[in-house]
Amino acid sequence: MILEHAPLPVRPGMEEEFLAAFEQARPIIAGMPGCRGVRLSRCVEKPSQFLLLVEWDSLEAHTEGFRGSAQYQEWKRLLHHFYDPFPEVLHFSDC
């Protein structure tokens with residue numbers, strides 16, 4: 001299993017709009033082959049900061065399957081304009 005870790009710095013003042021867009025985007029990623037689960041958390045101290053955690057069967061399920069899909073284009077359209085700066089996405093495996 002691979003855990004995708006993506007801190008999402010949302011432009012201040014756009015947090016509620018981002019949350020609404022994420023609810024539209026969640027089924028896109030959750031329905032992808034190899035996706036085991038999706039979790040979005042909001043920072044208590046900095047409310048414009050979010051953390052996306054996605055469990056994948058493999059790194060390739062995310063980097064090739066999801067990112068190479070037509071569904072990813074819709075994900076990008078819905079969400080990518082909210083970020084400043086664009087998030088660094090890292091992948092983790094169990095030790």
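Rule-based calculations on the coordinates, nothing more; no lab input. None of the values given here were measured: they were computed from a predicted structure. Note: ideal-geometry Cβ built from the backbone for every residue, glycine included; neighbour counts use all protein chains shown.
Quick look at the values:
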{"item": "Translational D in µm²/s for the chain (Stokes-Einstein at 4 °C, 1.567 mPa s, Kirkwood Rh from C-alpha pairs)", "result": "95 µm²/s"}
{"item": "F86-A30 FRET efficiency (beta carbon distance; Förster radius 35 Å; 0.05 resolution)", "result": "0.95"}
